[in-house]
Amino acid sequence: MAESLSSSAMDRPATAPAFSLPALEAVPPPLRLLLLACQHVLSLYAGAVTVPLVVGAALHLGAAQTAYLVSSDLLACGLVTLVQCVGLGAVGVRLPVMMGVTFVAVGPALAIAANPALGLPGVFGAGIAAGAIGLFIAPLFGRLAWLFAPVVTGTAMLLIGVTLLGVAVGWAAGASGGAPGDISAMAVAALVLGIILAVIRFGRGFVANAAILIGVTTGFMVAWALGQVDLAPIAKAAWFAPVSPLHFGWPRFDLLSCASMTIVMIITMVESSGMLFALSRIVDKPLTERDLARALRADAVGGIVGGLFNSLPYTSYSQNVALVAMTGVRSRFVCATAGVILILLAAVPKLAVLVTAIPHPVLGGAALVMFGMVAANGVETLGRVDFRPGSRNLYVVALGLGVGLIPNVNARFFDNLPPIVAGVLHNGVMLGIVTAVVLNLLLNRPSASQFAKS
């Protein structure tokens with residue numbers, strides 16, 4: 001099942017012979033460790049803060065309350081990332097994984113909060129309950145690890161990458177909803193992309209591995225010079241503001257709300273399973289049933305931590321998997337350090353606002369590379385799948401991608417279904433992964449014994 005990437009493009013010895021890429025258990029020198037961790041923070045940050053901003057806007061919260069949701073989210077991001085990377089007993093996969101708030105929870109969270117009897121405490125209570133249930137069902141997912149054959153994980157990676165590219169293009173265009181792109185925004189994104197490619201091509205050693213950080217930093221300075229960066233909010237932000245648990249009140253538990261958030265937890269576990277197997281191939285470490293169970297327990301703990309610290313459930317972020325693939329830096333302690341940085345950002349609003357000030361076109365230029373790398377790694381994984389005449393694997397890939405891209409091609413395809421069903425099916429990545437797993441079961445009939453032998 002878990003073959004090594006013996007000649008992956010992510011291994012960079014030919015480009016940087018004088019610099020040894022950190023292995024999974026290696027700890028880079030302090031300065032390199034810090035800079036590599038900052039890359040992961042920048043990759044995750046935009047997606048992580050988007051969810052609390054959307055929730056705050058939808059619920060018409062004040063600026064101070066919305067800012068508190070952002071800080072709470074960053075704190076929980078850092079805590080759950082540390083649990084996942086470093087490990088806590090039987091919790092945590094101990095791979096280079098960054099944990100971020102899941103977008104899947106936004107719809108159910110808004111529906112729960114709209115009930116005056118529940119509000120945000122009802123959302124957080126549902127997250128805690130879903131996390132507690134997740135701790136019990138995580139071992140079940142671990143025992144189903146054999147379902148994620150290379151044809152499934154390759155399809156999942158390709159689908160995730162293609163789906164995320166839509167986000168990257170929106171950022172790079174400086175527009176949304178299919179509107180024409182802004183020329184200055186596209187120029188900044190193209191500049192960032194060009195700098196990243198130049199650093200990858202001509203850089204050596206650590207410099208090549210810090211291509212994303214260099215590109216984003218340079219793009220930020222150029223955007224600032226062009227007047228595209230608003231630094232005024234930084235002056236208004238406080239230097240220190242610790243996040244306290246249960247800031248919005250004690251959690252409230254409602255049966256239907258807890259059930260809906262438990263569905264969110266199951267969906268994130270399906271997504272995480274496919275992503276974790278993809279990551280295990282990138283870092284060349286086979287993922288066992290026990291490893292998967294430990295990883296998904298961290299997802300469950302993320303629901304509990306999120307509920308206690310005024311946030312939503314958490315899952316592994318695919319853009320950071322892409323960064324591991326792109327740089328070849330496999331050290332889990334780089335991501336653990338990024339988790340510490342997120343915790344510090346949560347307590348220092350000025351720093352958090354500074355990172356938030358990075359324009360979307362700057363992030364878009366970098367994201368085009370990273371998200372494209374996710375898709376490329378999916379192609380690389382599928383390259384080891386048997387597609388000879390008579391093989392049914394083509395159907396698994398074709399329909400996994402086709403069904404998974406339905407929400408991207410037609411965002412209203414499922415609108416006539418009951419809202420609770422439509423809300424689940426609008427998650428294209430989950431839909432595609434489930435389709436690939438089911439088709440692989442029906443057409444290829446894999447078994448747990450075959451997984452054990454592979």
>> Could you list 380, 25, 271, 289 so that the one with the fewest beta carbons within 10 Å of its beta carbon is first and the one with the most is last?
In response: 25, 289, 380, 271
> How fast does region 321-388 diffuse by Stokes-Einstein, in µm²/s, taking the Kirkwood radius from C-alpha pairs at 10 °C and 1.306 mPa s?
Replying inline: 109
> Among 73, 254, 415, which comes first, second and so on when ranked by fewest other beta-carbon atoms within 10 Å?
Replying inline: 415, 254, 73
>> Please compute the modelled spin-label separation between residue 103 and residue 182, points set 7 Å along Cα→Cβ, answer in nm with one decimal.
In response: 2.0
> ³J(HN,Hα) across region 243-249 via Karplus (A = 6.51, B = -1.76, C = 1.60, θ = phi - 60°), whole Hz, x for Gly/Pro?
Replying inline: 8, 10, x, 6, 4, 8, x
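To make sure I understand, if each residue's beta carbon is the centre and we count other beta carbons within 10 Å, what order do 229, 379, 264, 270 fall in, fewest to most?
Fewest-to-most ranking of 229, 379, 264, 270: 379, 229, 270, 264.
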> Given N residues in region 247-389, what is Rg(Cα) / (2.2 N^0.38 Å)?
Replying inline: 1.24
>> Take residue 290 and residue 438, extend 7 Å from each Cα along the Cα→Cβ direction, and tell me the distance between the two endpoints in nm.
In response: 3.4
> Hey, if you drop one equal point scatterer on each alpha-carbon of the chain and run the Debye formula without solvent, what base-10 log of I(q)/I(0) do you get at q = 0.06, 0.07, 0.10, 0.14 Å⁻¹?
Replying inline: -0.24, -0.32, -0.69, -1.44
>> When a/c reaches 1.5 or more, the comparison of a/b and b/c decides; with that in mind, is region 137-291 rounded, prolate or oblate per its Cα gyration tensor?
In response: oblate
> So for the pair residue 395, residue 344, with labels modelled 7 Å out along Cα→Cβ, what separation do we get in nm?
Replying inline: 5.5
> Per residue, how much space in cubic angstrom lies within the convex hull of the C-alpha atoms of region 203-242?
Replying inline: 102
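Bear in mind that the values in this text are calculations on the coordinates, not laboratory data. Note that the structure is a prediction, hence the values are computed from the model and not measured. Ideal geometry is used to build each Cβ from the backbone, glycine not excepted, and the neighbour counts take in all protein chains shown.
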